[in-house]
Structures are given as C-alpha cells and as structure tokens.
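> Sending over a structure as structure tokens; questions will come in a sec.
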Amino acid sequence: MTAPAPTRLLPAVPESEPVPTLASLGPPRLLAGLDEMPRLDRVAHLARHGTPPRMSAQELVALAEDTDLRGRGGAGFPFARKLTAVLDGTRRADGKCAVVVNGSEGEPSCLKDTALLLHVPHLVLDGALLAAEALGAQEVAIGVTRQDVEDSVRRAIAERGPVRPALRVTKLTERFVTGEGTALTNGLNGGPGLPSGRKVRSSERGLNGIPTLLSNTETYAQLALAARLGALGYRTTGLPAEPGTLLLTVSGNRVVEVPYGIPLARVLALCGTDPGQGVMLGGYHGTWLSPEDAATATLSRQALAEHGAVLGAGAVLPMPHDTCVAGETVRVARWMAGESAGQCGPCVLGLPALADALAHAVRGGGSAALDVVRTRMRAVRGRGACSHPDGTARFVDSALTAFPEEFERHAHGFGCGRPVTGALPVTGHLPPTPTATPPPPPQERLLVDWTLCRGHGLCADLVPGMVRLGPDGYPESANMPMPARMRRRAQLAVRRCPALALRIQGGN
C-alpha cells in the first residue's frame, strides 16, 4: 500500500453560509485551488489546472481502464464499461448520444457533489465535455436540485461562452429518488421526474430517447483530473489496485478529499470526531460498522467488503454517544417514507407502515412489535419501481442488526435516557408522529389448572355459557374468554371452587 497523501477538507456548504478557504495540500486534485479563493471561476480554474486535453473515444476508454475509474454515485460501476456501452448504443442510434451529469444529490447526508458544483464547477464541466466530445454527443445536461447550485453552474456555463456540444442545467424537484437514472432523465426531458420502473439502460435509451452517458458529478471531475495527470500521474495517490482520491461527506456537514486506503479513524479525527456508537458508511442505503470495525477499517472497496460495507455515495455518519440510536433510526425511517415518489403502492403505504411499526416498537411495543417491523421490511423489498423501498428496509435492518440491545431495551420499555439530537440529518419537515393510541387491555380469561381440577362441576353452574362440561364431567376447555358482564360470576366461581383450580388472567 502506498503512503496516503495529505487529506484536504472542505467545510459545510449550507446555502446561507460562506465557505472558508483552505491551505494548499499535495498535488493538484479535485479541491486544488481553494486555498486561493472559495470558488474557482473560469480564469482561476485554467490558471490552476490548465486546458484539458482532447481525447478520442478509444483513448478515453483506455484512460478509464488504466485508472480503474469507478462511478462515485453509489454503485461503483466501472466507467470504462459505461463508455463502451454508450459507444455501442450510439452506433445503433445513427451516431446520436447525450451526456448527463447527475448533481441532484437528494440524500441529506451527502454534500460532496454539491461542494464540487459550488466551488469547482469547471472541473465537472471539463469532464462532461471531454466525454461528450469523444462520444460525439449532441448535448450535455446537468440535473441539480438546489437553487445555489443551479446558479453556480449557470455562471460557469456563461463564463465559458458558446461551446459545442451545448451545455444546459435544469433544477429538478428535490426528492430522494430524483437521482435514480430514469427519474433524472425523465425530469431533464420535462417530465415528472419519477422512476419508470422499467429495466432500460441509459446507454440504450436515456435523454430524449437516445443513448446517454449518465454519471454523477464527482465521476466527471475525476475524469477531468485523470485526463490532465495521465494514468501514471493519477496513480501516484491511493492504492495500486484502487488509485486516486475520493470525496466523503462526514457527519452530513463536512466534505473531505482523501486517498483510497486511508484509515477511517484518521478521516474521523480530521473532522474532529470519533466512531461513537458506530459509523454508517454509504448513506441511508448503506451499512453500519461497529466502533471496533470503524477503528481498524481502511477506505477501499476490498477492505470494506470484508466488513460487508461499501463506500456508496461517500457518506460517513458516526453516531455520537449523546444521542439515541433507536430514535435516530425512527426519525430517518419517517423521512425516507415521506420521500416516496408516490407511484407504487408498496412504497406509498408500506414505508409509512414500516416507520410506524418501528416507532411503536421503540416506544415499548415489546418483542412482538419488533417482529412486526421485520414483517414490514419483508413486505416492501423488491416491490417498487426503484430501489427506494429496498434501501429503506436495508437501513432499518442494518440498524436492528448493529444495535440489537438498544432496540430490545426500548421495545421492553427501558429506553436509553438519551435525546434524539438529529445526528442523522434529514431535510424539510418530517411527517408528524401519530399520537399513540393506547392498546386495549387484554381480554380477561378464566383458566383451569388441570393438576388441581377434580371435576366437581360447580363452575358450570356459576358461569353458565362460559364453562361447559365434557362427557367426563370436566370442563371442555382450560382457557376461556370472559366477557365483562360475566366477571362477577367468574370471581364467585374462583372463590367457591373446592379444588382451587380456577383463576382469572389478563386485564388491568
């Protein structure tokens, strides 16, 4: 493993706060130049990075293969294979194709693509235009959901002047599922921005119905960087098998650029935190790491696979010691339920039911309530037009697996005594938590202890209709529901049973 290069930290990027500048660290990488100004305009960008080279489609595919460039939006799909698939689709579509930049980033635990488009938008546009020129694309479309991001990209497009192919940016509905491939292209085409539910690859039919290269913001920025550095220069940072750097969003409010192979503990320390009660990697469709695993894990695909985890969209969410794990999980589950696209019944109805079941269990619903949660998870898996139901179920399942004692304590009414601090970020207003309706008291029952019963039959006389005697003179049942109107008679039967074989169970 090569020695990790210095890390580079980018502060939070809320719309209302300025971004401090950075100290210059290491060779030119994604965030290079932000030591001089918080946003690189076209002139500053060219002064720092220079003019990108022009490459043929074959050269671009070779570069992506030599750098093992992967998509940074979550799935980690090899970029060279995407390029090859679009080239094949373009040949079948009379040379027509398009390029789409996914800058929607609908998950509140992720800010890395937002950071790039706010502070170094020209690096992203360089990568998108590099791919578009190599493929012969007719258009480059950028999809975003934040107003400040749209403004930044429009400024960057204006700073470039007329270019071919044409660049356009579109502000889409801010929703968790907006970044799903078919939802993104539908929105860019002027449609409702909903997942189609059909297994159609964008490389075959995407923007305007033509083959489309669709990838996220960081992927195009990495491509622009690799084109300038070359494969050998790009490989000077990171691991031999996983070269380069990656962007992470830590605690939902800090963006940091680090080399592959860096210890997770070092990243957390850089951001002034620690693993706490555990660390979620990959965002709300990701996986929890225990504090012990987080202390030893390194950030590479191979190393994390040993823990059953992936980097996903680059979110790193440590759970602080001062917050309630169970309450945080309920809060996010409710938010995820509210982020449904509203077009699939199992998602529209199933995810709120899952969130409600989880809330009931955490409020002291008992082991049976936790069983209902697991039933609800099974009911939504694999039943939507996109992966949102599966990801939400996986989020809840991962929390139950990682913190079993926490959920058991809450389910049995003991709790943890900690408040919910919002350590797992959500956006907007959460759906109101339904007022808990106290469950009706369990119905009282009249029980017979067979070890004591001697078949006197007095009970059948005292509570006729409740107790029926069999041919042998003994009660036919040992467990009988007791209507409220029969309570006084049943109490009398209990007191008068010669063998003391009767008792009443249940009720308040």
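> Do you know which residues across region 170-197 are outside any helix (DSSP H, G or I) and free of Cβ contacts under 8 Å to residues at least 40 places away in the same chain?
Once the filter is applied, which keeps residues that are outside any helix (DSSP H, G or I) and free of Cβ contacts under 8 Å to residues at least 40 places away in the same chain, region 170-197 yields Thr170, Lys171, Thr173, Asn189, Gly190, Gly191, Pro192, Gly193.
> Scan region 75-87 and give yes if some residue there is among the hydrophobic types (A, V, I, L, M, F, W, C) and within 20 Å of the chain's Cα centre (by Cα), otherwise no.
Within region 75-87, one or more residues are among the hydrophobic types (A, V, I, L, M, F, W, C) and within 20 Å of the chain's Cα centre (by Cα).
> For region 320-350, which residues satisfy the criterion of being at pLDDT 90 or above and in a loop (DSSP other than H, G, I, E, B)?
Matches in region 320-350: Pro320, His321, Asp322, Thr323, Cys324.
> Can I ask one more? Among the residues of region 484-494, is any open to solvent by less than 100 Å² (accessible area, probe 1.4 Å), under 30 Å from Thr173 (Cα atoms) and at pLDDT 85 or above?
The answer is no, given that none of the residues of region 484-494 is open to solvent by less than 100 Å² (accessible area, probe 1.4 Å), under 30 Å from Thr173 (Cα atoms) and at pLDDT 85 or above.
> Under 8 Å between Cβ atoms, at least 6 apart or on separate chains: pull out the pairs that start in region 366-383 with a residue that is farther than 14 Å from Leu349 by Cβ and end on any residue that is open to solvent by 70 Å² or more (accessible area, probe 1.4 Å) and of a type outside the set (Phe, Trp, Tyr).
Final answer for the pair search is Gly366/His412; Ser367/Glu408; Ser367/His412; Ala369/His360; Leu370/Glu408; Val372/His360.
> Still on this structure: Quick check on region 120-138: of everything there that is open to solvent by 10 Å² or more (accessible area, probe 1.4 Å) and in contact with a Lys or Arg (Cβ under 7 Å, 6 or more places away or on another chain), which residue is farthest from Thr182 (Cα to Cα)?
Out of the qualifying residues, it is Glu133.
> May I pose another question? For region 130-151, give me each residue that is in contact (Cβ under 8 Å) with a residue 40 or more places away in the chain and farther than 19 Å from Leu184 by Cβ.
Correct list: Leu130, Glu133, Ala134, Gly136, Asp148.
> Return the residues of region 251-278 that are open to solvent by less than 30 Å² (accessible area, probe 1.4 Å) and more than 29 Å from Thr67 (Cα to Cα); say none if nothing qualifies.
Within region 251-278, Pro275, Gly276, Gly278 meet the criteria.
> Name the residues in region 71-81 that are surrounded by fewer than 23 Cβ atoms within 10 Å (Cβ to Cβ) and at pLDDT 90 or above, would you?
Selection gives Pro78, Ala80, Arg81.
> Something else now. Going by the structure shown, is Gly345 at positive phi, without any contact (Cβ under 8 Å) to a residue 24 or more places away in the chain and surrounded by fewer than 20 Cβ atoms within 10 Å (Cβ to Cβ)? Talk me through it step by step, then tell me what you get.
Values: at positive phi: no; without any contact (Cβ under 8 Å) to a residue 24 or more places away in the chain: yes; surrounded by fewer than 20 Cβ atoms within 10 Å (Cβ to Cβ): yes.
Here the answer is no, as Gly345 does not meet what is asked.
> Taking the condition in a strand (DSSP E or B), in contact with a Leu (Cβ under 8 Å, 6 or more places away or on another chain), open to solvent by less than 50 Å² (accessible area, probe 1.4 Å) and touching a residue at least 40 places away in the same chain (Cβ under 8 Å), does Leu317 pass?
yes
> Out of all the residues in region 217-236, is one or more among the polar types (S, T, N, Q) and assigned to a strand (DSSP E or B)?
The answer is no; no qualifying residue exists.
> State yes or no: is Thr114 of a type in the set (S, T, N, Q) and without any contact (Cβ under 8 Å) to a residue 60 or more places away in the chain? Talk me through it step by step, then tell me what you get.
Details: of a type in the set (S, T, N, Q): yes; without any contact (Cβ under 8 Å) to a residue 60 or more places away in the chain: no.
In short, no.
> Report yes if Gly422 is among the small types (Gly, Ala, Ser), surrounded by fewer than 16 Cβ atoms within 10 Å (Cβ to Cβ), touching a helix residue (DSSP H, G or I) at 6+ places or on another chain (Cβ under 6 Å) and modelled with pLDDT of 85 or more, otherwise no.
It is false that Gly422 is among the small types (Gly, Ala, Ser), surrounded by fewer than 16 Cβ atoms within 10 Å (Cβ to Cβ), touching a helix residue (DSSP H, G or I) at 6+ places or on another chain (Cβ under 6 Å) and modelled with pLDDT of 85 or more.
> Within region 203-211, is there a residue that is open to solvent by less than 10 Å² (accessible area, probe 1.4 Å) and in contact with a His (Cβ under 9 Å, 6 or more places away or on another chain)?
The answer is no, given that none of the residues of region 203-211 is open to solvent by less than 10 Å² (accessible area, probe 1.4 Å) and in contact with a His (Cβ under 9 Å, 6 or more places away or on another chain).
> For region 461-472, which residues satisfy the criterion of being within 17 Å of Arg503 (Cβ to Cβ) and either under 60 Å from the mean Cα position of the chain (by Cα) or open to solvent by less than 20 Å² (accessible area, probe 1.4 Å) (or both)?
Val463, Met466, Val467
> Among (1) more than 18 Å from Leu31 (Cβ to Cβ); (2) open to solvent by 10 Å² or more (accessible area, probe 1.4 Å); (3) modelled with pLDDT of 90 or more, where does His285 come up short?
Unmet condition: (3).
> Let me ask another. Within the bounds of region 276-293, is there any residue that is over 27 Å from Val426 (Cα atoms) and part of a loop (DSSP other than H, G, I, E, B)?
no
The values are calculated or read from the model by the stated rules, or taken from the named source; none is laboratory data. These numbers were taken from a predicted model, which means no experiment stands behind them. Cβ coordinates were reconstructed from backbone atoms using ideal geometry, including for glycine residues, and neighbour counts include every protein chain displayed. When the accessible area is computed, the model is the full protein with side chains, heavy atoms only, and any ligands, DNA or RNA have been set aside. Shrake-Rupley method; radii C 1.70, N 1.55, O 1.52, S 1.80 Å.
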